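Before any comments, here is the structure.
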Amino acid sequence: MSKVPVNNLKNGFELYKEELENKALEVLRSGWYILGNEVKQFEKEFSEVIGTKYCVGVDNGLNAISLGIRALGITIGDEVLVQANTYIATVLGITINGATPVFVEPTEYYNMDPNKIEELITRSTKAVLVTHLYGQATEMKKIIEICEKYNLFLLEDCAQSHYAKYDNQMTGTFGVMGFFSFYPTKNLGAFGDAGAVVTNDKELAYKIQMLRNYGSVIRYENMVEGYNSRLDELQAGLLRVKLKHLTDSTKEREYIASRYLNEMTNPLVKLPRVAHLATHVWHLFVVEVTERDRFREYLASQGVDTDIHYKTPPHLSVAYKRLGHSRGDLPITETIVDKIVSLPIYNGMTDEEIETVIAAVNSYEK
Ligand SMILES: *Cc1c(COP(=O)(O)O)cnc(C)c1O
């Protein structure tokens, strides 16, 4: 029996092998490797498809978030509302700047619950950072209204939501900045680390450009204490190749997810749902099961690999002990993380692999 992995990164190369190899050689032979034409072109093309005026390429998704927050001047003593069940990198982007994360519970769609935000706003609250988790766009309407009412910066972690939309509008364009990761597993994946900030704000874009390069846009003119968070030419070039195929590779994920949703019929397995006006680009296909360990063992016995995204919510992680949270503080998040299981979904998945997963899920018994 052949095994179905939970992800298959090699496909991301094999599917576009010739184009990628040609681009890699072109960059290697160019003699220019950092902040050059490939980065510029990628920034232009990515801002066009997302629909923002500016895109600034950076070295990874975490630094997209942390430079973005730094550019807004959010720091020690400030609070940022963030969803409790997000990946820890979202929270790190806040705490790296000395600011305090305040955790908001999710809805049944795993995204920030718009009805649980207002009660957490204090005089120190500066921003709301939503994560479009697993690839589903967050329900934005009420969140936008709250941010306007309380004069808060709206920020979006789009690391899992390339091309996901809410009410026909692309994620990454609702707030002052959208943060993207192109880590190899993401829907748009590089062959190393890469990330980007998108925005319509010229001044913010310029600040990020400075921050990513020692505080300097004009060579040797250092305006702020910056970092080295640059996107390199090789990754930018390879991302340009993959970006051309992102519409198709997103459609492929939608096909896999629709087969799962239509053909998985096991009442013991709760399937993901998509909120009204939201689209889902299926970065992950996450189901809920009560006896998770037994379910995962059964699937493994049927040759199906699974994973958990994520087992420990940030507020209960050892790293954030200093925040003083304990079990019971965020009951909705804590209940969800004990039940969630990610099923295999990746580009280049064969119908046979899809059917193996469906059959394994459907034959799981009490
Ligand atoms: C992957 C991810 C990040 C971090 O991106 P890196 O490029 O790995 O630093 C941040 N937030 C979310 C939700 C992610 O999935």
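With the helix formula -39500 (n - 2.57) applied to DSSP H stretches of n ≥ 4, the chain reaches a computed 222 nm mean residue ellipticity of -11000 deg cm²/dmol.
Within the chain, antiparallel bridges make up roughly 55 percent of the DSSP beta bridges whose residues both belong there.
Whole-Hz Karplus values for the range 211-227 come out as 4, 6, 10, 6, x, 9, 9, 8, 3, 6, 9, 9, 9, 9, 7, x, 10 Hz, taken residue by residue from phi with 6.51 cos²θ - 1.76 cosθ + 1.60 and θ = phi - 60°; glycine and proline positions read x.
Can you give the local net charge around Ser181? Use residues other than it whose beta-carbon is closer than 11 angstrom to its beta-carbon, Lys and Arg +1, Asp and Glu -1. Result for the neighbourhood of Ser181: -2. Remark on Ala194: its backbone amide H falls under 5 Å from those of Gly61, Phe182, Tyr183, a criterion applied only to residues 5 or more positions apart or on other chains, H modelled at 1.01 Å from N. Taking 0.692 mPa s as the viscosity and 37 °C as the temperature, the Stokes-Einstein diffusion coefficient of the range 1-109 based on its alpha-carbon Kirkwood radius rounds to 187 µm²/s. Looking at this model, which pairs from Lys3/Lys251; Lys116/Lys242; Lys44/Lys149 are more than 30 angstrom apart at the alpha-carbon? Long pairs (Cα-Cα over 30 Å): Lys116/Lys242; Lys44/Lys149. Near the amide H of Arg230, within less than 5 Å, lie the amide hydrogens of Asp59, all on another chain or at least 5 residues away, with H placed in the peptide plane. State whether the range 197-282 is rounded, prolate or oblate according to the following rule on the C-alpha gyration tensor (a ≥ b ≥ c being the square roots of its eigenvalues): a/c under 1.5 gives rounded; otherwise a/b larger than b/c gives prolate, and the remaining case gives oblate. Note, shape of the range 197-282 comes out prolate. For Lys40, a cut-off of 15 angstrom between C-alpha atoms picks up these aspartates and glutamates, skipping any fewer than 8 places away in its own chain: Glu48, Asp59, Asp232, Glu233.
Just the Cα atoms of the range 89-181, one point each, no solvent: what log10 I(q)/I(0) does Debye give at q = 0.11 Å⁻¹? Taking Cα atoms of the range 89-181 as identical point scatterers yields -0.27.
Mean sequence separation of contacting Cα pairs (under 8 Å, at least six apart), scaled by the length of the chain, corresponds to a relative contact order of 22 percent. Sort the range 268-366 into rounded, prolate or oblate with this rule: let a ≥ b ≥ c be the square roots of the eigenvalues of the Cα gyration tensor; rounded if a/c is under 1.5, and if a/c is not under 1.5, prolate when a/b is larger than b/c, oblate otherwise. Cα axes put the range 268-366 in the prolate bin. Reducing the range 239-261 and the range 188-221 to their Cα centroids gives an inter-centroid distance of 27 Å. Other residues within the sphere of radius under 9 Å centred on the Cβ of Gly61, judged by their own Cβ, net out at -1 (K and R +1, D and E -1).
Sequentially through the range 147-155, phi angles give Karplus couplings (6.51, -1.76, 1.60; θ = phi - 60°) of 4, 5, 4, 9, 6, 10, 6, 9, 10 Hz, Gly and Pro residues having no value and appearing as x.
Over all other residues within a Cβ to Cβ distance under 15 Å of Asn213, the charged ones net out to 0, with Lys and Arg as +1 and Asp and Glu as -1. Using a/c under 1.5 as the rounded threshold, could you call the chain rounded, prolate or oblate? The axes a ≥ b ≥ c are square roots of the C-alpha gyration tensor eigenvalues, and prolate needs a/b larger than b/c, oblate otherwise. It is oblate, given that a/c is not under 1.5 and a/b is not larger than b/c.
Quick note: the coordinates plus some simple rules give every number you see, no bench work behind them. Model, not experiment: these values are computed from the prediction. As a convention, Cβ positions derive from the backbone with ideal geometry for all residues, glycine included, and neighbour counts pool all protein chains shown.
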